[in-house]
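Quick notes on the structure that follows.
The values are calculated or read from the model by the stated rules, or taken from the named source; none is laboratory data. On a predicted model such as this, the values are computed, not experimentally measured, just so you know. Methodologically, a virtual Cβ is constructed for each residue, glycine included, from the backbone with ideal geometry; neighbour enumeration extends over all protein chains shown.
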């Protein structure tokens, strides 16, 4: 974060990585969201209790579990009946849980970034 052109946002790929990001930002006296926006992926329950609650991408864990069980049982049944297993791709949409870690930047700042 010592560069002249500092990032306006950081996306942590997990809540565990987020903790390292927050520690590094604190060590460099970089404030969230005043100096940099932060978003993470996982949506652990503790995110609401941090000094600055962190915006997160939440996976629908219950839906994933229920769909996985149904698909597994369907595959077992299909294999028992026909002796075949089918590959399947499925997209389950996540949601964004908005908290206080994202700052909206002005058009002038955005223009400098592009």
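For the stretch 13-34, which residues satisfy the criterion of being in a loop (DSSP other than H, G, I, E, B) and touching a residue at least 24 places away in the same chain (Cβ under 8 Å)? Talk me through it step by step, then tell me what you get.
Pass one, the stretch 13-34, residues in a loop (DSSP other than H, G, I, E, B): 13-14, 28-34.
13, 14, 28, 30, 32, 33, 34 - these are the residues of the stretch 13-34 that are in a loop (DSSP other than H, G, I, E, B) and touching a residue at least 24 places away in the same chain (Cβ under 8 Å).
Assess whether residue 70 counts as being more than 24 Å from the chain's Cα centre (by Cα) and modelled with pLDDT of 90 or more.
On the way: more than 24 Å from the chain's Cα centre (by Cα): yes; modelled with pLDDT of 90 or more: yes.
Judged against the criteria, residue 70 is a match.
When residues of the stretch 42-60 are filtered for being outside any loop (DSSP other than H, G, I, E, B) and either closer than 22 Å to residue 6 by Cβ or touching a residue at least 60 places away in the same chain (Cβ under 8 Å) (or both), how many remain? Explain how you work it out, then say what you get.
Taking the stretch 42-60 and keeping what is outside any loop (DSSP other than H, G, I, E, B), we get 45-49, 55-58.
Subsequent filtering for residues that are either closer than 22 Å to residue 6 by Cβ or touching a residue at least 60 places away in the same chain (Cβ under 8 Å) (or both) retains 55.
Residues flagged as outside any loop (DSSP other than H, G, I, E, B) and either closer than 22 Å to residue 6 by Cβ or touching a residue at least 60 places away in the same chain (Cβ under 8 Å) (or both) within the stretch 42-60 amount to 1.
Matching residues to (1) assigned by TED's automatic domain parsing to the domain that holds residue 14; (2) out of contact with any helix residue (DSSP H, G or I) (no Cβ under 6 Å at 6 or more places or on another chain):
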| site | (1), (2) |
| --- | --- |
| 25 | yes, yes |
| 43 | yes, yes |
| 46 | yes, yes |
| 50 | yes, yes |
| 72 | no, yes |
| 85 | no, no |
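Would you please list the contacts, defined by Cβ atoms under 8 Å and residues six or more apart or on different chains, that run from a residue in the stretch 94-111 that is closer than 21 Å to residue 51 by Cα to a residue that is at pLDDT 85 or above and in a helix (DSSP H, G or I)?
Correct list of pairs: 97/47; 99/47; 99/48.
State the number of residues belonging to the stretch 33-49 that are surrounded by 13 or more Cβ atoms within 10 Å (Cβ to Cβ) and over 14 Å from residue 98 (Cα atoms). Reasoning before the result, please.
Within the stretch 33-49, the subset surrounded by 13 or more Cβ atoms within 10 Å (Cβ to Cβ) is 33, 35-44, 47-48.
Restricting the remaining residues to those that are over 14 Å from residue 98 (Cα atoms) gives 35-36.
Of the residues in that region, 2 qualify.
For the stretch 4-12, check the following and say yes or no: at least one residue is outside any loop (DSSP other than H, G, I, E, B), over 17 Å from residue 105 (Cβ atoms) and touching a helix residue (DSSP H, G or I) at 6+ places or on another chain (Cβ under 6 Å). It would help to see each step written out before you state the result.
Step one: list which residues in the stretch 4-12 are outside any loop (DSSP other than H, G, I, E, B), which gives 9-12.
Pick out the ones that are also over 17 Å from residue 105 (Cβ atoms) and you get 12.
Still in the running and touching a helix residue (DSSP H, G or I) at 6+ places or on another chain (Cβ under 6 Å): 12.
Yes.
Quick check on residue 39: is it assigned to a loop (DSSP other than H, G, I, E, B) and in the same structural domain as residue 12 (by TED's automatic domain parsing)?
Values: assigned to a loop (DSSP other than H, G, I, E, B): no; in the same structural domain as residue 12 (by TED's automatic domain parsing): yes.
So residue 39 fails the test.
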